[in-house]
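Q: Have a look at this one before I ask anything.
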Amino acid sequence: MAVVDDELLTIGAFAARARLSAKALRLYDRLGLLAPDRVDEASGYRYYRAGQVERARLVALLRQLDMPLARIAEVVEADGERAAGLLDAFWADVETRVAGQRTLAEYLRGRLSGRSSEMYGKFVVETVDVPERVVITETRHTLADELPTWIGGSLGRLEKAARECGGVTAAPYVVYHAEVSMESDGPAESCVPVADEAAARAWAEAHGRPRETKVRVEPAQRLAYTRITKAQVAHPQIIAAFEAVEHWMAQEGLEMAGPCREVYFADWDAAGPEDEVCDVAFPVKYK
């Protein structure tokens, strides 16, 4: 019988009430999102209670939003207000991601249609000579979606540490030793120039291991760079800035002399979207 008693339903009867397939219910069970009320040890048959229908339908609807399974589990376990708040937070993330993808699509459309030179023309590229400096650094392999949070955290930690190393002497920057994207994890290296090399090495000896923190002396070098606003730091606008500098270097016959970097010279939190905050730069060989 489909109805075992007044409360328990076979998987087929429950699937019909929940308007789901038995296959979907087995998947939800395997994923830990909706377990049967009872499983017969001898036959392996699953039995559900009628009161589980609402949860089954909710799981199915959340999966239609492409919500990750871990977040679905949080929503279905939360009470009404908290559950709604978790959904709001997830959907805000989705809209942010879609907005970024829309901008990326526009950028790629420009590249594919051969209008790259028009985009590059929006950036003013110059060179600057920077002196030798001592830097304390923190290195991490990170994917693109984790990068903004890590940059803010690592530079904050290094700037705090700089108080023990004679203070910060120049703008902090992030060096990319390999590509950082959704498929490639770098590594990236946050760097803060400091005044006292001996104090910096003592600090790194005491604190360096947990976060791959080191001290190095970066030689004097020439940078080709373009200055961008806070809004342009977002992906993919920043990609266009990097490519604009590379395009300019090729036109000027300049050869790259090291990995690319982002130099953060302004107060990020205080800056508005149109305020200049960052130099996108490449070390170049002296001519």
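Residues are listed down the side, and each one gets a yes or a no for (1) under 29 Å from Pro219 (Cβ atoms); (2) out of contact with any Ser or Thr (no Cβ under 6 Å at 6 or more places or on another chain); (3) in contact (Cβ under 8 Å) with a residue 60 or more places away in the chain; (4) hydroxyl-bearing (Ser, Thr, Tyr):
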site	(1), (2), (3), (4)
Glu74	no, yes, no, no
Asp93	no, yes, no, no
Gly110	no, yes, no, no
Phe123	yes, no, yes, no
Val128	yes, yes, yes, no
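Q: Got a sec? Which helices (runs of 4 or more DSSP H) wholly within region 11-81 have at least 3 residues that are within 29 Å of the chain's Cα centre (by Cα)? Full working, then the answer.
A: Values: elements: 11-18, 22-30, 53-64, 69-77.
It comes to 53-64, 69-77.
Q: When the residues of region 215-234 are filtered to those that are touching an Asp or Glu at 6+ places or on another chain (Cβ under 8 Å) and part of a helix (DSSP H, G or I), which remaining residue is farthest from Ala161 (Cα to Cα)? Spell out how you get there, then give the answer.
A: Here is the first cut: in region 215-234, the residues touching an Asp or Glu at 6+ places or on another chain (Cβ under 8 Å) are 215, 217-231, 233.
Retained after the next criterion (residues that are part of a helix (DSSP H, G or I)): 230-231, 233.
Details: Lys230: 25, Ala231: 29, Val233: 26 Å.
The extreme case among them is Ala231.
Q: Could you check, for region 138-148, whether at least one of its residues is over 16 Å from the mean Cα position of the chain (by Cα) and closer than 24 Å to Pro219 by Cβ? Walk me through it before giving the result.
A: Filtering region 138-148 for residues over 16 Å from the mean Cα position of the chain (by Cα) gives 138.
So of that shortlist, the ones also closer than 24 Å to Pro219 by Cβ come out as 138.
Yes, there is a match, as at least one residue in region 138-148 is over 16 Å from the mean Cα position of the chain (by Cα) and closer than 24 Å to Pro219 by Cβ.
Yes/no matrix, rows are residues, columns are (1) under 15 Å from Ala171 (Cβ atoms); (2) in contact with a Leu (Cβ under 9 Å, 6 or more places away or on another chain):
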residue: Val233; (1), (2): yes, no
residue: Glu246; (1), (2): no, no
residue: Gln251; (1), (2): no, no
residue: Gly272; (1), (2): no, no
residue: Val284; (1), (2): no, yes
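Q: Further, regarding this structure: Which of (1) touching a Ser or Thr at 6+ places or on another chain (Cβ under 8 Å); (2) surrounded by fewer than 19 Cβ atoms within 10 Å (Cβ to Cβ) does Val168 not meet, given it meets every other one?
A: (1)
Q: When you scan region 93-110, do you find a residue that is outside the structural domain of Leu223 (by TED's automatic domain parsing), surrounded by 15 or more Cβ atoms within 10 Å (Cβ to Cβ), among the hydroxyl-bearing types (Ser, Thr, Tyr) and in a helix (DSSP H, G or I), even just one?
A: So far as region 93-110 goes, yes, one or more of its residues are outside the structural domain of Leu223 (by TED's automatic domain parsing), surrounded by 15 or more Cβ atoms within 10 Å (Cβ to Cβ), among the hydroxyl-bearing types (Ser, Thr, Tyr) and in a helix (DSSP H, G or I).
Q: Turning to a different aspect of this structure: For residues that are among the β-branched types (Val, Ile, Thr) and at pLDDT 85 or above, scanning just region 1-58, find the one that is farthest from Ala73 (Cα to Cα).
A: In this case the residue turns out to be Thr10.
Table: residues versus (1) buried (at least 16 other Cβ atoms within 10 Å of the Cβ); (2) touching a helix residue (DSSP H, G or I) at 6+ places or on another chain (Cβ under 6 Å); (3) at positive phi.
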{"site": "Pro172", "(1), (2), (3)": "yes, yes, no"}
{"site": "Ser181", "(1), (2), (3)": "no, yes, no"}
{"site": "Ser184", "(1), (2), (3)": "no, no, no"}
{"site": "Ala200", "(1), (2), (3)": "yes, yes, no"}
{"site": "Glu205", "(1), (2), (3)": "no, no, no"}
{"site": "Pro219", "(1), (2), (3)": "no, no, no"}
{"site": "Thr226", "(1), (2), (3)": "yes, yes, no"}
{"site": "Ala231", "(1), (2), (3)": "no, no, no"}
{"site": "His247", "(1), (2), (3)": "yes, yes, no"}
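Q: Do any strands (runs of 3 or more DSSP E) lying entirely in region 132-214 carry at least 2 residues that are more than 19 Å from Val233 (Cα to Cα) and modelled with pLDDT of 90 or more, and which ones are they?
A: 133-140, 188-194
Q: State which residue is modelled with the lowest pLDDT when the search covers only region 262-277 and only residues that are part of a strand (DSSP E or B) and surrounded by 14 or more Cβ atoms within 10 Å (Cβ to Cβ).
A: Among those that are part of a strand (DSSP E or B) and surrounded by 14 or more Cβ atoms within 10 Å (Cβ to Cβ), it is Val277.
The values are calculated or read from the model by the stated rules, or taken from the named source; none is laboratory data. Predicted model, so just to flag it, every value in this text is computed and none were measured. Neighbour counts run over all protein chains shown; Cβ positions are idealised from the backbone, glycine included.
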